[in-house]
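The values are calculated or read from the model by the stated rules, or taken from the named source; none is laboratory data. The structure displayed is predicted, hence computed values, not measured ones. With ideal geometry, Cβ positions are generated from the backbone for all residues, glycine too; neighbour counts draw on all protein chains shown.
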Amino acid sequence: MNYFYFFFFILLAILVWLKPIMEPIKNKIISFNNINIIASISILVGLICIYVPLSDEYWFERVWKIVTLSLGIILIVRGVFALLFFNKLKVVLSFVFSHYFKFMSSFSLIFIVLAFYVITTDYVGPQKDIRVCESDDRIEVICGFNNSEDIVITPDKEFLFMSQMGSIAPWGENESGYFAFMELGTNKKIIPKIKLEENTWGEESCKRQDNDEYGPHGIDLVERNDGRYQIGVINHYPKESIEMFELRKNQLDWEIIWRGCINVPDRFYFNDLSLKKDGSFYASHMYKRNITMDEWLMTALLKSNSGNIVFWDNSNFIDIENSDGSSPNGIVLDEESNTIYISYNLDDKVTIFDLSNNSKIKSYFIESPDNPYIKDNSIWLTSLDFQPNDAADCIFKVNCSLPFSIHELDKKTFEVKNKYIFSKSVFGLPTVAVPINDIVYMGSFHADRLGSFKVD
């Protein structure tokens, strides 16, 4: 609705300057002998506009609902005024048109301000103070996990493996993070010691030392054609690289073995990757590395193309034609159907992309989608249900309770199977939702905890 009102107000801002179009409309209104029908329609539409937001107990927390209510009141007042004071309305209209551009310049400015306000702001309600790590009646929080941006499940279904992400552009300089396991039976956090062994899954020129830190972002896990388990990681620190690890089970636990890395060319700033069984992979280039906050906000506003999907064929990066979009974010490959799911984060949509002919098959509107997760015939997605400006103060908080939702879609048709809506909860800014039996685990790019909730 925010985008509807944006274009609605922009259109009004343009139309009011077009006197040759507006004047015949004015003359038509003045020539009416009986205004009852038009006035009644105005009142009816106004009542509908008032009913829609007021049907929500917390309507006053969302800008588009406030705008809808305000328009409803204006339409009702306009209709009543026309019914009772039609002759005076004619006089007012004539006066306005005799000083047309003086009035219209003010109206146009008001419409432009309203347009940019509704496109940058949506949630104006209070945020819940969630500095203390405590669960509520819907979400169980698991404390001690830091910025768990992406999550995979170990093959035995007993552990979650996740990135603990540091900072990235444009919110700051690239910073280090680390990796963590969580034992599902106990919610115990385990920080693995990474062993460096022979570089067999990377490129020869990419090197790493034992004491080097990591800056993990998107991750993926696949069982290779040779039966071994491979983890791929988008890494931002101390340099841009794709890090490859073997996930191997010892007598007691899973262990992580470094198996090589791939240097990322300067023109790419990757967000996520999805591995193939032969060790090649797809990666999402979100935007240029040195993007500023102003540039990012402008990209979010205009939904302009900022990146694309690329393929690593085990020797070179290849751009995938027709995959351009506004901040390609999380991706997941369905190797069986040769399709890939792409979350265009700033374009507010997830798309099924056919890799056989490089075409977009189907899209689903969802606000700020992140890492898609496939389970059986469903795809799970997170949605940040607010506008970019709403999160301005979240930069200075460890946790943020802005509204979000989790969507379960049919992976072929994008039919909505389930949607779970959260507001003023003990968790926020989710980036991934991983269902295991009747529990959905959530990671976040900006939180000191994991979240989980039960599904029906």
* Asked: Got a sec? Which of 448, 410, 393 is of a type in the set (Asp, Glu), over 30 Å from residue 294 (Cβ atoms) and surrounded by fewer than 19 Cβ atoms within 10 Å (Cβ to Cβ)?
  -> 410
* Structure fact -> For the stretch 81-101, the count of residues that are assigned to a helix (DSSP H, G or I) and within 25 Å of residue 114 (Cα to Cα) equals 7
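Could you run through the stretch 57-80 and say how many residues are in a helix (DSSP H, G or I), charged (D, E, K, R) and out of contact with any strand residue (DSSP E or B) (no Cβ under 7 Å at 6 or more places or on another chain)?
2
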* Asked: Of all strands (runs of 3 or more DSSP E) completely enclosed by the stretch 313-361, which ones contain at least 3 residues that are crowded, with 19+ Cβ neighbours inside 10 Å?
  -> 328-334, 339-344, 349-354
* Of all residues in the stretch 340-399, which are among the small types (Gly, Ala, Ser), closer than 21 Å to residue 125 by Cβ and in contact with a Ser or Thr (Cβ under 9 Å, 6 or more places away or on another chain)? -> 368, 383
* **Output for the stretch 288-320, where each listed residue is within 19 Å of residue 277 (Cβ to Cβ) and among the hydroxyl-bearing types (Ser, Thr, Tyr)** => 315
* To do: Determine if the stretch 178-186 includes at least one residue that is part of a loop (DSSP other than H, G, I, E, B), at pLDDT below 95, surrounded by fewer than 18 Cβ atoms within 10 Å (Cβ to Cβ) and touching a Gly at 6+ places or on another chain (Cβ under 9 Å).
  => no
* Any idea which of (1) surrounded by 24 or more Cβ atoms within 10 Å (Cβ to Cβ); (2) in a helix (DSSP H, G or I) is the one residue 273 doesn't satisfy? -> (2)
* Asked: Residue check, residue 255 against (1) surrounded by fewer than 17 Cβ atoms within 10 Å (Cβ to Cβ); (2) at positive phi, all met but one. Which one?
  -> (2)
* Determine whether residue 40 is under 30 Å from residue 385 (Cβ atoms), outside the structural domain of residue 302 (by TED's automatic domain parsing) and surrounded by fewer than 18 Cβ atoms within 10 Å (Cβ to Cβ). => no
* Structure fact -> Of the conditions (1) surrounded by fewer than 21 Cβ atoms within 10 Å (Cβ to Cβ); (2) among the acidic types (Asp, Glu); (3) part of a strand (DSSP E or B), the single one that residue 266 does not satisfy is (3)
* Using beta carbons and a limit of 6 Å, which pairs, at least six apart or on different chains, have the first residue in the stretch 1-15 and on the phi < 0 side of the Ramachandran plot and the second one of a type outside the set (A, V, I, L, M, F, W, C)? -> 2/122; 13/108
* **Complete set of residues in the stretch 228-246 that are at pLDDT 95 or above and over 26 Å from the mean Cα position of the chain (by Cα)** => 228, 229, 230, 244, 245, 246
* If residue 101 passes every condition in (1) exposed (fewer than 15 other Cβ atoms within 10 Å of the Cβ); (2) within 24 Å of the chain's Cα centre (by Cα); (3) at pLDDT below 90 but one, which one does it miss? -> (2)
* Asked: What do you reckon, is residue 237 among the aromatic types (Phe, Trp, Tyr), over 19 Å from residue 434 (Cβ atoms) and touching a residue at least 24 places away in the same chain (Cβ under 8 Å)?
  -> yes
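Condition first: among the aromatic types (Phe, Trp, Tyr), modelled with pLDDT of 95 or more and part of a loop (DSSP other than H, G, I, E, B). Can you find one or more residues in the stretch 150-169 that meet it?
The answer is no, given that none of the residues of the stretch 150-169 is among the aromatic types (Phe, Trp, Tyr), modelled with pLDDT of 95 or more and part of a loop (DSSP other than H, G, I, E, B).
The rows are residues; the columns are (1) acidic (Asp, Glu); (2) more than 21 Å from residue 451 (Cα to Cα); (3) modelled with pLDDT under 95.
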{"position": "351", "(1), (2), (3)": "no, yes, no"}
{"position": "381", "(1), (2), (3)": "no, no, no"}
{"position": "390", "(1), (2), (3)": "yes, yes, yes"}
{"position": "397", "(1), (2), (3)": "no, no, yes"}
{"position": "403", "(1), (2), (3)": "no, no, yes"}
{"position": "409", "(1), (2), (3)": "no, no, no"}
{"position": "416", "(1), (2), (3)": "no, yes, no"}
{"position": "425", "(1), (2), (3)": "no, no, yes"}
* To do: Test residue 249 against the criterion of being touching a residue at least 24 places away in the same chain (Cβ under 8 Å) and more than 23 Å from residue 159 (Cβ to Cβ), and give yes or no.
  => no
* **Conditions (1) in contact (Cβ under 8 Å) with a residue 40 or more places away in the chain; (2) surrounded by 14 or more Cβ atoms within 10 Å (Cβ to Cβ); (3) more than 23 Å from residue 405 (Cα to Cα): number failed by residue 198** => (2)
* Asked: Yes or no: residue 242 farther than 23 Å from residue 431 by Cα, of a type in the set (Val, Ile, Thr) and in the same structural domain as residue 153 (by TED's automatic domain parsing)?
  -> no
